[in-house]
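The values are calculated or read from the model by the stated rules, or taken from the named source; none is laboratory data. Every value quoted in this text rests on a predicted model; they were computed, and no experiment measured them. Cβ: placed from backbone, ideal geometry, glycine included. Neighbour counts: every protein chain shown.
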Amino acid sequence: MRVAGPRSAVVVNPVKVPDMEFLRSVIGEGLAMAGWPAPVWHETTVADPGRGQAEQAVRDGAELIFVCGGDGTVMSVVTAVAGSDVALAVLPAGTGNLLAANLGLGDDPATGVVVALEGGRKRIDVGVTGDRCFAVMAGIGFDARMLEGTSERAKKHLGWLAYVGGGLKHLRDRPMRARIVLDGGAPKPRRARTVIVGNVGRLQGGLRLLSRADPADGKLDVAILSPNNLAHWVRLAWAVMSRRERIPLMETFTAERVEIYTRRTQPRQLDGDLIEPGRALRIHVKPQALLLCVPRPDGDPDLAYDAGAAAEAAKGLRVRTDPAG
C-alpha cells in the first residue's frame, strides 16, 4: 500500500549515531523529496532508552516512527508501538542491530529511509516476556553470555565480528541443565548450551540460524543448541555459515508459548540486548502486533527480500545529503 505523507517522529540514541548531522539531513531531505511533513525528533536518555519517547510520539499523533540506535533502543520502541497501527521504520545504528540485519539494511540509514518512503509494510508477530516485546529473538545461556563477554570498545572497532571474540571465551563452559515447556506440554529436559526463541532467523552478520522462521505465522521458533566440545562447535558453526537446511546438535520446535527453566542463574538477552540474569524465561507470541516498514515486495517471509533494490535507490539520497558518500 502507498503511504502519502504521514506524520512521523524520530526516536534516536545520539550516543550510537556517529554523525547526527548526516542523520538529520538524510531523514529531512528524504521526507521533503517525498512531500512528507518534517518529523518530530526525540532523543533517548540513560533513564529512558526509547519507550517513553515513542509513547509520547504516538500520543502526539505520529503515524510512523523512525528508530535509530542500538538493539536496546529498537526493542524499547517495538514495545511501545506493538499492538498499534503506528508503523515502525528501522534505521541502522549502533554495533550490531539485529532487526536492521534481518531487514537487509546493512549500516546505511539512507536505505532505511527509502524503505519507509516506498511504502512496503508488513504486520509481524512479536515475542512478549514480562512487559517487554522483542521482534527478532530472545535467548538464555551461551548467546547471552557471548554478548556479556563483548566490550563496547571491541564492538565499536570490529562491529558484529566482536561477538565472535566474546563467544570464544565461553566455548568450553559447562552446559546448563534446562527444562523447556512448549504450549504447556510435557517438560523437555536438556543439557544445552543455549536456548533461542526466534521470530525471524538471522543472527549478527546476516547469518541465518532459523531457516524456516516466518515472522507472521503466529508461532515462535525454538532452537536448542547442545554442542559439548570444540569439534561440535565447529560442525555447528560450519552448518550455519554454509546455510545448510539441517544444523547438527540443534533441535528446533515451534510454539505459541515457551517456558525455559534452568537449575542455575543464566544470562539472558532480548533482541541482542542483555536483560537481568535469571533462572527462567517465559515468552508468548503476540500475533501480527507490529506494523513494520520492509523492502518491497512486502509479501515474502524473508524481511530482507530485495533489500538491494532499496539500497540502490538510496544512492541518490546519499549523494544529495553527503556528496562525499
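Table for the structure above
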quantity: Lone unmet requirement of (1) closer than 27 Å to G35 by Cβ; (2) free of Cβ contacts under 8 Å to residues at least 60 places away in the same chain; (3) part of a loop (DSSP other than H, G, I, E, B) for L105; calculated: (2)
quantity: Members of segment 199-238 found to be closer than 23 Å to P301 by Cβ and either among the polar types (S, T, N, Q) or at pLDDT below 85 (or both), listed by number; calculated: N199, G201, R202, L203, Q204, G205, G206, L207, R208, S211
quantity: Strands (runs of 3 or more DSSP E) completely within segment 212-325 that count 1 or more residues being without any contact (Cβ under 8 Å) to a residue 12 or more places away in the chain, surrounded by fewer than 15 Cβ atoms within 10 Å (Cβ to Cβ) and not aliphatic (A, V, I, L, M); calculated: 273-293
quantity: Answer from T73, T45 - the residue that is among the β-branched types (V, I, T) and surrounded by fewer than 24 Cβ atoms within 10 Å (Cβ to Cβ); calculated: T45
quantity: Residue tally, condition without any contact (Cβ under 8 Å) to a residue 60 or more places away in the chain and of a type in the set (K, R), over segment 193-211; calculated: 2
quantity: Only listed residue being modelled with pLDDT of 90 or more, over 29 Å from S84 (Cβ atoms) and buried (at least 19 other Cβ atoms within 10 Å of the Cβ), chosen from A162, A192, A186, A135; calculated: A192
quantity: Answer from R153, R174, R145 - the residue that is crowded, with 24+ Cβ neighbours inside 10 Å and modelled with pLDDT under 95; calculated: R145
quantity: Filter result (among the hydroxyl-bearing types (S, T, Y) and either at pLDDT below 90 or more than 16 Å from Q53 (Cβ to Cβ) (or both)) within segment 73-97; calculated: T95
quantity: Residue in segment 98-118 that is surrounded by 24 or more Cβ atoms within 10 Å (Cβ to Cβ), among the polar types (S, T, N, Q), at pLDDT 90 or above and not assigned by TED's automatic domain parsing to the domain that holds V200 present; calculated: yes
